[in-house]
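Asker: Before we start, here is the structure in question, set down as C-alpha cells.
Bear in mind these aren't lab numbers, they're just calculated from the coordinates by the rules spelled out. These numbers come from a predicted model, not from an experiment. Cβ coordinates were reconstructed from backbone atoms using ideal geometry, including for glycine residues, and neighbour counts include every protein chain displayed.
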Amino acid sequence: MTSGTPKLRRLPAVLLILVMHSIFLHADDEAMFTAFSDPARIWGNGIERVIEEAYRLCFRTRILGGKVMNLRMPFAQDNERDKLTEEQWGFLEGGKGDPVYLWEKIYEVLDSPDFTLYVKTLSDGREKVIIFDLPGKSWTATRELFEIARMKAGSYRGLPHKPYVLVSGRGLEETDVYNYLYCVGLLGMDCSGFVWHVLSYTAAWKGIDLGKRLGPALGVKPGSNPSWYAGTAFFSSKSSQLLTIKDEIRNLRPADIILFRGRDGAFSHSAIIQSVDFTKGIIRYLQNTDEAPLNERGTHESYIRFNPAFPQAGLGDPSLEWTQKRYPPFPGEKPGAFSDDGERYRAYQELGGGRVVRLRLLSS
C-alpha cells in the first residue's frame, strides 16, 4: 500500500473485507456485497432480523483523517448537563430524530471547516487538552504543560457542560469523532428516542404506522412529530397500549422494553431486547447511552447471560451476568452509581426496581 492508503489493518477481518469491497466495488459485485451484509444471514427473516436492521441504521462507515471509521449514533442528553447553565440547550430534534435525517446532519458537521480544523489540531503530533463548550457548541485546545500534567495525574477540571479531553496529537480516532458530534454538533438520539426508532421500524414491518396508531395515547398535538412524545415516561406509564411483563426469562420476547429506575423512583433509562437464545443462555439487548466504555458510547449492543436450565429466573436474579459495564462519558468525570447494567436494573427495589413492558401492538 502507498502512504496515502487508509489504515485498514486496525479493522477486524470481516469489516476489512466489507471496506475493501466498498472501495473497489464493481456493479457485478453489488448482489454479493448485499447478501454478505444481510442480517438475515444471522437472524433469519423474523422479528430479530427486523430489529437488527433498525439497529444497523444507527451506524455508518466513513474515511476521516485518513482512516476508515465505523461511526455509531451518538447519545443525546436529556438535559443532564445543562444544570450549571442559565438557559437550557438541547440536541437536534430533542434526541428523537430519525437516524436517516440525523446522519444527514452529522455528515454536514463532519464536512464543516471547523471539523477539518479539529482533525488538523488532533494530528499535529503535540499532546494537548481539548476543552469542549456544549452550550457554545465550540471547542478550544491548550498545550499548557500544567494543564496536561493535571489531566495525567487524574485531577479533572472539566464541568458537565465543559468536558476536558487529553489527546496525544497522533491523529483522529473514532472516540474523537464521537466527542465532537456529542459536544459541538449536539446530534444524536437519547435512550427512548432509540427505542422508539426500533419499535417504529418493527411496527412498519407488520404494516403498522406506530405514530398514527399511538398518537392519541401519546397526546400528540396536530402536526407534531409523535416521536417527541415517546419518552421513557410513556414507556413506564400505565397506558393501555403497554403490557407489563413478569420479567422471568421465559416470558421475554424480542421488542420487549427494559426499564431502569432512577433514584427518584421514576424510570430514567430504557433499552430494547433484540433476541433471546434459550439454548445458549444469552439475551441480546440494544440501547443508546453514553455511560459505557469509550468505544461503545452511543448506540451499542449489550448482553445478559443466564443458565438455560433455569428460564424461570427473573432479570433481577443476581445469578444472571449482565456484561454491559458502565463508565463516565469522559475519563475523569465522576462515575455513576452502578458498575454494570445488572446493578442498575436491581437498584431501588424498595421502589420497585427494574421493569419489562411490551407494546400491545407488537404482542401478537
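Asker: Among 292, 242, 323, pick out the residue whose Cα is farthest towards the positive end of the charge dipole of the chain, where Lys and Arg carry +1 and Asp and Glu carry -1 on C-beta, about the Cα centre.
Answerer: 323
Asker: Taking 0.36 nm per residue of sequence separation and subtracting the Cα-Cα distance, how much length would be gained by fully extending the chain between residue 152 and residue 280, in nm to one decimal?
Answerer: Working it through step by step, the gained length comes to 41.8 nm.
Asker: Which entry is the computed semi-axes √(5λ) of the Cα gyration tensor in Å for this structure: (1) 55, 22, 19; (2) 31, 27, 18; (3) 34, 26, 21?
Answerer: Label of the calculated value: (3).
Asker: Could you check the spin-label model distance between residue 213 and residue 294? Points 7 Å from the Cα along Cα→Cβ, value in nm.
Answerer: 4.3 nm
Asker: Here is a further query. Quick one: length gained pulling residue 107 to residue 309 fully straight, 0.36 nm per residue minus the C-alpha distance?
Answerer: 68.0 nm
Asker: Report the Stokes-Einstein translational diffusion coefficient (µm² s⁻¹, integer) for the stretch 131-290, Rh taken as the Kirkwood radius over Cα pairs, at 20 °C with viscosity 1.002 mPa s.
Answerer: This corresponds to a translational diffusion coefficient of 112 µm²/s.
Asker: Here's a follow-up. Residue 337 to residue 174: FRET efficiency via 1/(1 + (r/R0)^6), r the Cβ-Cβ distance, R0 41 Å, to the nearest 0.05?
Answerer: After rounding, the FRET efficiency stands at 0.90.
Asker: Starting from the Cα of residue 120, draw a straight line to each of the aspartates and glutamates and keep only those under 13 Å, dropping any in the same chain fewer than 8 residues away.
Answerer: Residue 120 reaches 173, 176.
Asker: I would also like to ask the following. Using the per-residue mean of other Cβ atoms lying within 10 Å as a proxy for protection, in what order, highest first, do the peptides 230-242, 249-261, 185-197 fall?
Answerer: Those peptides, ordered most packed to least, come out 185-197, 249-261, 230-242.
Asker: Using +1 at the Cβ of each Lys and Arg and -1 at the Cβ of each Asp and Glu in the chain, identify which of 339, 197, 215 lies farthest towards the dipole's positive end.
Answerer: Positive-end residue among those listed: 339.
Asker: For the stretch 191-362, what is the charge dipole size about the Cα centre, in debye to the nearest 20, if Lys and Arg each add +1 at the Cβ and Asp and Glu each add -1 at the Cβ?
Answerer: With Lys and Arg at +1 and Asp and Glu at -1, about 580 debye.
Asker: Separate question: What pairs from 105/137; 67/96; 83/334 go past 18 Å between their alpha carbons?
Answerer: 67/96
Asker: Another question about this same structure. Pick from 325, 96, 280: which is most flexible by mean-square fluctuation in a GNM of the chain where alpha carbon atoms under 10 Å apart are linked?
Answerer: In this elastic network of the chain, the residue with the biggest mean-square fluctuation among 325, 96, 280 is 280.
Asker: Right, next: Can you tell me the length gained on complete extension of the stretch residue 206 to residue 350, counting 0.36 nm per residue apart and subtracting the Cα distance?
Answerer: 48.0 nm
Asker: Treating cross-link reach as a plain straight distance, find the aspartates and glutamates whose alpha-carbon is under 17 Å from the alpha-carbon of residue 221, omitting any fewer than eight places away in the same chain.
Answerer: Cα-Cα hits under 17 Å: 93, 209.
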